[in-house]
Amino acid sequence: MSEKKSLLNVVKDWIDERTGLIKGGAEFLHEEIPGGTRFSYTLGSACMFLLTIQIVTGIWQLFYYVPTVDYAYSSLNYLRLQVPFGWLIHGIHSWGGTLFTIIVGLHCLRVFIWGSYKKPREMVWLIGIVLIILTALFMFTGPVLPWDKNGYWAGQVGIGIAGTVPIVGPFTQMILQGANKMGQMALLRMYVLHVALLPGAIGAFVFLHLVAFRKYGESGPWDQEKRKKIGYFWPEQIFKDVLVTFLIFLLLVFLSAFFPPAFSGLADPMDTLVTPKPAWNFLFLYQILKFLPGPLEPLGTAGVPLVIVLLFASLPFADRSPEKNPFKRGFVVLSGFAFVGIILYLTWMGYAYRSPAELAQMDAPSRAAAAPHKSEMVMARANLNEHASGKELFKTLGCTECHTVTGAASNKQGPDLLMAKGNNRSHDWLYTQIVSPQTHNPKTIMPPFSHLSNKNVELLIGYLESLTPSETTPALPPPPPAAGAGGNGGEASVKYGEQLFNSMGCVQCHTIKGTPSNKPGPDLIMAIKKDMPAKDWLKVQLTNPQAHNPLSIMPSFASRLNDQQMDAMVDFLTSLSTRKVMASSAEEQVESGGAQGSNPSGKAGSGIQSTGIIGDKEHGAILFHQSCIMCHGPHGDNRTPGFTGYLTGSQRPKGVPALNPIDRNVYNEDPQLFVQRIDQFIQHGIPNTEGGPNMPDFGDSHALTQAQIADIEAYVLSLNGVDRTMIMNPGIEPKEFFYMLLWITFVIVMLAAFYWFLMKLIKI
């Protein structure tokens, strides 16, 4: 008489008969491992665990994230600061992506050292290469989604690099960006790639990777004697896998609690003090491109990645020896370690690099820490080259990063030097500008070249003085017959002035729409209607803009326009006071996210105000050094050389309040209330009743974007001990949560140890 089966066994048998899952799972758990179990084998399981963590936390974030340029940054900030345990979800996802990339790299390195890519496991290796590429794409698309400064520029640089690839580059850039600049279309496409296409692709290839791996299992140690020892997946290897994955989870919580992802501020295309960089795992390629300028650039953007992928893919077929002992494969293994070392070194160089504009605005200690003696090393190498010409020095010293010499306005941080020749600078002035530019302008972003030899300084000056108009300099249109000399302000003169305005490249720095833009200069309809300048003032602005503002980067047009052309330009500019504001085109609205609050630069009037932006205090310190140090001192304590005639006996500018510490009537422990109190002063300015310098209206005049104002406000709060990124509703305080998790872990370990000890006693 057969024994009656339980209902559970009946169900199990029914499922196993039709799927084989239960029997297959049992075989999998009891699989033999040649050489025994090892902690090094846990890297694959760690990758799977981290991928699962990324999927779970990513889906969780989707309940709060809004993929638009208006709300992406603020929606994630709401999750992090207002939603209970939102800080934990975002922190684990952010650090998990970084750790996933590192563990994947270590897993690949372990397989390489063990020789596990060799026959018959070639397919496992090749699929692994595809998974590495997909991981890199995850790290490319993910940082863009918060639409903060770091993410915006990472996407901008990454897409720009992809766009320089020969033949397919422009098409790739169009697909990724969706428009002629980074905006709503680019964000939406990155979002679709990150949350839909890439997860599907990586899921499929992970499945294929596991199927190919299960075919032959773990390759085991290379020593044949050690291979005789047999271990089992259950419970020995699973115990090691669970232990390592739990330690990784503890590490993720620790990083999220003590080193949360930085708030880098809202994406701001107008901010020239940010050093544009790609995501960290592309920094090596970013650095390589610095060694391959101009026509050699495709070698870096297409050639280097292609060579790396081909080298990896060809490894199982090039290294066909059955020998797996790394000590007997010296050349291959050493070559692999050399490759890893070069990638790590280039990544560090890319991470440490700062643009000249950003370095110039840092204080001396920060500048030294950010770029230790880099400029001095460049100048030292230049001094050793006895045969360098002025033109070669201009390139090797990095002057081309900020200046052009084409005779046309550009979107670089410094003026075009051929156009600047119209200012008729003397030889001595040029010498001082090269060696000590802060002598002419204390707020200049140009770094000093004081370590350059006198010979090389003279060569640079000679090159600058020899600049002549090139073929690319735009030709000026001939005047119409009706536009006579004298600038009568007639329609013909105005039209001729508009032709001159367009042909001379003014449109590269200014718009004439009546709305804020992300160009270096102000919108001229807004500026003319606001100030209604006289024609004489406009003529001086065109001939000698530094007479109105010594810090102006606008070039002089005195030597490029005759009297008739100058009058026509003035007539055109004057006519803008009556011109109607242009409506935004449909394309511009799509790119920026719509008309309401659409400007990603965060300019005043865009609908995105600084009080609603979580600023970056670190970048705010740089902006403060640029815009506020003259009155408030380098640390907001008013200890500054200031303006001659405005100082009191204690070297404090008259009527300028200290920011560190700030007036107690302004201070508030609540960061949002604190920001709202100081925002009105920064936006609208305040007159000085004691004869000192007035507080400028940085917001109303569009001197700073709203994102930049938010950064400065975060810095001012930090000077007074208030954290702009304070978590308002943490659920449990981050550090307390980690300590609680650590205590629970300790209790579980002690209980497990007691159980093990008790079982030992029973057996005895």
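The spread of Cα positions in region 688-738, taken along each principal axis and listed from longest to shortest, comes to 53, 24, 13 Å.
When Rg and Dmax are taken over the Cα atoms of region 121-160, they come to 13.7, 43 Å.
Convex hull volume of the Cα atoms of region 31-120, normalised per residue: 141 Å³. A probe of 1.4 angstrom, applied to the heavy atoms of all protein chains, finds residue 182 with accessible area near 10 square angstrom.
Computed over every Cα-Cα pair of region 652-764 and binned at 5 Å starting from 0, the pair-distance distribution P(r) comes out as 2, 10, 13, 13, 13, 8, 5, 5, 5, 5, 4, 4, 4, 3, 2, 2, 1, 0, 0 percent. Per the Debye formula on identical point scatterers at the alpha carbon atoms of region 215-258, with no solvent, log10 I(q)/I(0) at q = 0.15, 0.30 Å⁻¹ is -0.58, -1.02.
Taking the charge dipole of region 180-239 about its Cα centre, with +1 at Lys and Arg Cβ atoms and -1 at Asp and Glu Cβ atoms, the residue from 194, 232, 209 reaching farthest to the positive side is 194. Pairs over the 19 Å Cα-Cα cut-off, from the set 119/215; 226/324; 181/395; 181/580; 495/539: 181/395; 181/580. Gyration tensor over the Cα atoms of region 264-313: the corresponding equivalent ellipsoid has semi-axes (square roots of 5 times the eigenvalues, largest first) of 27, 14, 7 Å. The distance from the alpha carbon centre of region 263-294 to that of region 677-730 is 27 Å, rounded to a whole number. Annotation: residue 466 carries an accessible surface of approximately 70 Å², with a 1.4 Å probe and no ligand, DNA or RNA atoms counted.
In a fully extended conformation the segment linking residue 758 and residue 320 would gain 152.4 nm over its present Cα-Cα distance, using 0.36 nm per residue.
Using a probe radius of 1.4 angstrom, the carbon and sulfur fraction of the accessible surface of region 193-332 is 74%.
Using bins 10 angstrom wide from zero, how does P(r) for region 144-248 break down, in % of all Cα pairs? Reading the bins upward from 0: 12, 24, 22, 16, 18, 7, 0. Counting every C-alpha pair in region 53-105, the share spaced more than 18 angstrom apart comes to 33%. Rounded to the nearest 20 debye, the dipole magnitude of region 81-201 is 260 debye, with +1 charges on Lys and Arg beta carbons, -1 on Asp and Glu beta carbons, and the Cα centre as origin. Ratio of Rg to Rh for region 6-157: 1.10 [Cα atoms; Kirkwood radius as inverse mean 1/r over pairs]. Here is the tail figure for region 97-153: Cα pairs spaced more than 15 Å apart come to 57 percent of all pairs. Note on surface exposure: 282, 317 rank 317, 282 by accessible area, highest first, 1.4 Å probe.
Highest mean packing comes first when the peptides 163-176, 749-762 are listed by Cβ atoms within 10 Å, giving 163-176, 749-762.
Please report the spacing between the Cα centers of region 731-764 and region 39-110 in Å, no decimals. Taking the Cα centre of each part, region 731-764 and region 39-110 sit 27 Å apart.
Computed from label points 7 Å out along Cα-Cβ, the spacing between residue 275 and residue 577 is 4.6 nm. Normalised by the number of residues in region 653-762, the average gap of Cα pairs under 8 Å and 6 or more apart makes the relative contact order 24 percent.
The percentage of C-alpha pairs in region 77-201 whose separation is greater than 25 Å is 38%.
Restricting region 666-764 to GluC sites (Glu not before Pro) that sit in a DSSP loop and have at most 15 other Cβ atoms within 10 Å of their own Cβ leaves 669, 690.
The values are calculated or read from the model by the stated rules, or taken from the named source; none is laboratory data. Just so we're clear, the structure is a prediction, and the values are computed from it rather than from any experiment. Glycine gets a Cβ as well: all are built from the backbone with ideal geometry, and neighbour counts include every protein chain shown. Each accessible area value is taken on the protein alone, full model and side chains, heavy atoms only, with ligands, DNA and RNA left out. Shrake-Rupley method; radii C 1.70, N 1.55, O 1.52, S 1.80 Å.
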